[in-house]
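Engineer: First, the structure itself, so that you have it in front of you.
The values are calculated or read from the model by the stated rules, or taken from the named source; none is laboratory data. Keep in mind that what you see is a predicted model, and the values were worked out from it rather than measured. With ideal geometry, Cβ positions are generated from the backbone for all residues, glycine too; neighbour counts draw on all protein chains shown. Ligands, DNA and RNA are stripped out before the accessible areas are found, and what is left, the full protein with its side chains, is counted by its heavy atoms. Shrake-Rupley method; radii C 1.70, N 1.55, O 1.52, S 1.80 Å.
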Amino acid sequence: MSDMRKTLLNAIVLATAGFAGVTFQTSAEPPVLGYTDTPMLPSGKWHVHDPDRPKPPVVTSGATFSHGASAPSDAIVLFDGTDFSKWEGVKGAPQWVIHEDYMEVKPQTGDIHTKEKFGDFQLHLEFAEPTKVEGDSQHRGNSGVFLQGIYEVQVLDCYNNATYPDGQCGALYGQSPPLVNACKKPGQWQTYDIFFEAARWDENHNLVRPASATVIQNGLLIHHKQPLLGPTGHKILAHYDKELPATGPIELQEHEGNAVRFRNIWIRPIQEDEKP
């Protein structure tokens with residue numbers, strides 16, 4: 001083969017050396033790495049889904065953090081690997097599948113959400129991206145955890161996968177990138193520990209405090225009391241245009257049939273600290 005072909009082959013071998021046991025299949029279409037025709041964020045520096053926004057640095061987490069964490073005595077177990085009794089789908093009972101101790105997204109069945117609704121809470125869940133890597137950017141292992149059913153913490157395979165920073169794994173989608181890229185290799189279990197405070201309105205229905213989230217991924221802090229601009233949307237500037245309900249469900253997203261897995265999901269409703 002030519003020297004050029006040898007150089008290309010060597011580059012491919014080096015780029016994939018760390019992915020033993022992982023099968024790759026990239027999209028025939030070029031990946032969407034961001035948009036510049038979207039609204040500006042309040043900082044005035046970046047568009048929503050701006051491809052030029054600084055990318056979070058990659059930080060390798062420890063082997064485990066809260067993996068397999070047992071639910072505390074005051075927690076509500078939302079999924080223990082046995083059934084969907086705490087969940088609903090778009091047409092009644094969820095159509096996702098259960099294997100061993102985890103649930104897996106089933107294509108064309110829609111999102112699922114908890115029957116119970118929550119205000120402020122601590123949420124623990126574990127997820128794994130498909131071992132067979134297909135697609136690029138937002139088309140690789142895409143899902144999401146929606147807090148109160150409206151604020152998305154992105155789930156995406158961002159292990160050596162470029163995408164727009166406010167859409168990568170761990171992002172408060174369309175608003176805030178994670179502080180670091182804490183992603184593990186495809187197929188490995190990862191953890192989210194999320195601490196959420198709901199938005200507050202006064203008696204005149206004026207917003208007095210936006211919702212906020214603290215998120216830990218695989219033991220690394222990726223958001224710290226980060227205010228949310230409003231309910232999540234795609235290519236829009238999130239905002240609060242009306243008073244929202246005080247509580248809402250936990251929702252897991254089915255996105256284009258990506259076979260993301262979830263396990264060990266529990267939640268602790270928390271009360272706001274008493275004011276002095």
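Engineer: Out of (i) 74, 47, 37; (ii) 56, 42, 36; (iii) 69, 53, 34, which label holds the value of Cα extents along the principal axes in Å that was computed here?
Structural biologist: Comparing each candidate, only (i) matches the computed number.
Engineer: Net charge near A246: determine it from the other residues with C-beta under 14 Å of the C-beta of A246, scoring Lys and Arg +1 and Asp and Glu -1. List each step's numbers first, then the result.
Structural biologist: Working: positive: K117, R200, R209, K242; negative: E116, D120, E197, D202, E203, E243, E272.
Net local charge, A246 excluded: -3.
Engineer: Report, by chain and number, residues whose modeled amide H sits under 5 Å from the one on V97, excluding near sequence neighbours (fewer than 5 apart, same chain).
Structural biologist: Answer set, sorted by chain and number: E104, K106.
Engineer: Further question on the same structure: Taking only C-alpha pairs under 8 Å that are 6+ residues apart, what is the relative contact order of region 139-188 in percent? Kindly include the intermediate steps, with their values, before the conclusion.
Structural biologist: On the way: 83 pairs, mean separation 13.4, N = 50.
After rounding, I find 27 percent.
Engineer: Please compare each pair in K106/K132; K117/K184; K86/K132; K106/K185; K91/K184; K45/K117 to a cut-off of 26 Å on the Cα-Cα distance and tell me which ones are over it. Can you show the working numbers first?
Structural biologist: Working: K106/K132 15 Å; K117/K184 30 Å; K86/K132 29 Å; K106/K185 22 Å; K91/K184 33 Å; K45/K117 36 Å.
The pairs that break the limit, which is 26 Å between Cα atoms, are K117/K184; K86/K132; K91/K184; K45/K117.
Engineer: Output ³J(HN,Hα) for region 72-81: one whole-Hz value per residue in order, computed from phi by the Karplus curve 6.51 cos²θ - 1.76 cosθ + 1.60 with θ = phi - 60°, and x for Gly and Pro.
Structural biologist: Coupling constants for region 72-81: x, 5, 9, 8, 9, 7, 8, 7, 10, x Hz.
Engineer: Additional query: By the gyration tensor of its Cα atoms, with a ≥ b ≥ c the square roots of the eigenvalues, what is the shape of region 153-276: rounded for a/c under 1.5, prolate for a/b over b/c, or oblate?
Structural biologist: Verdict is prolate for region 153-276.
Engineer: On average, how much accessible surface per residue is there in region 167-276, in Å², for a 1.4 Å probe, leaving out ligands, DNA and RNA?
Structural biologist: On the way: 4990 Å² over 110 residues.
Solvent-accessible surface per residue comes out at 45 Å².
Engineer: Taking amide H positions as placed in the peptide plane 1.01 Å from N, state which residues far from W201 in sequence (5 or more) or on other chains have amide H under 5 Å from it.
Structural biologist: Answer set, sorted by chain and number: V208.
Engineer: Then there's this: What 222 nm value per residue comes from the helices of the chain, counting each DSSP H run with n ≥ 4 as -39,500 (n - 2.57) and dividing by all residues, nearest 500 deg cm²/dmol? Intermediate results must be reported in sequence, preceding the final value.
Structural biologist: Details: 1 runs with 13 residues, N = 276.
So the helix-based figure for the chain works out to -1500 deg cm²/dmol.
Engineer: For region 221-232, in order, what is each residue's ³J(HN,Hα) by Karplus, 6.51 cos²θ - 1.76 cosθ + 1.60 with θ = phi - 60°, in whole Hz (x at glycine and Pro)?
Structural biologist: 5, 10, 8, 10, 6, 6, x, 9, 6, x, x, 5
Engineer: Can you check what the net charge comes to around I98, using other residues whose Cβ is under 11 Å from the Cβ of I98 (Lys, Arg +1; Asp, Glu -1)? Present the calculation step by step, with values, prior to reporting the outcome.
Structural biologist: Values: positive: K106, R261, R263; negative: D80, D83, E100, D101, E104.
My count for the surroundings of I98 gives -2.
Engineer: Tell me the relative contact order for region 123-244 as a rounded percent, counting alpha carbon contacts under 8 Å between residues six or more apart. Intermediate results must be reported in sequence, preceding the final value.
Structural biologist: Working: 264 pairs, mean separation 26.6, N = 122.
Across region 123-244, relative contact order equals 22 percent.
Engineer: Still on this structure, I have one more. For region 173-180, just list the computed ³J(HN,Hα) in residue order, Karplus coefficients 6.51, -1.76 and 1.60, θ = phi - 60°, integers in Hz, with x standing in for Gly and Pro.
Structural biologist: My calculation for region 173-180 gives 3, x, 10, 10, x, x, 5, 9 Hz in order.
Engineer: With axes computed from alpha carbons, what is the tilt in degrees of helix 3-15 against the longest principal axis of the chain, rounded to the nearest 10 within 0 to 90?
Structural biologist: Once rounded, one gets 30 degrees.
Engineer: Something else about it: Rounded to the nearest whole Å², what accessible area per residue is found for region 64-151 with the 1.4 Å probe? Each step should come with its number before you reach the end.
Structural biologist: On the way: 3880 Å² over 88 residues.
Value for region 64-151: 44 Å² per residue.
Engineer: Now for a different question. Does region 85-236 come out rounded, prolate or oblate by the C-alpha gyration tensor, with a ≥ b ≥ c the root eigenvalues, rounded set by a/c under 1.5 and, if not, prolate when a/b is larger than b/c and oblate if not? Working shown, then result.
Structural biologist: On the way: a/c = 1.77, a/b = 1.25, b/c = 1.41.
Since a/c reaches 1.5 but b/c is at least a/b, the shape of region 85-236 is classed as oblate.
Engineer: Among S66, Q188, I112, whose Cα sits farthest toward the positive end of the charge dipole of the chain (+1 at Cβ of Lys/Arg, -1 at Cβ of Asp/Glu, about the Cα centre)?
Structural biologist: Of S66, Q188, I112, it is Q188.
Engineer: Work through the residues other than L207 whose Cβ is under 11 Å from its Cβ and net out their charges, Lys, Arg +1 and Asp, Glu -1.
Structural biologist: 0
Engineer: Which order do peptides 222-234, 161-173, 77-89 fall in by mean Cβ count within 10 Å, highest first? Please list the in-between numbers first.
Structural biologist: Details: 222-234: 18.2, 161-173: 24.2, 77-89: 16.3.
Answer by packing, highest mean first, reads 161-173, 222-234, 77-89.
Engineer: Given Cα pairs under 8 Å that are at least 6 residues apart, what percent is the relative contact order of the chain? Before the final figure, lay out each step's value.
Structural biologist: Values: 652 pairs, mean separation 74.4, N = 276.
Once normalised by length, the contact order is 27 percent.
Engineer: For the chain, which whole percent of the accessible surface, found with a 1.4 angstrom probe, sits on carbon and sulfur atoms?
Structural biologist: On the way: 7400 of 13860 Å².
That fraction is 53 percent.
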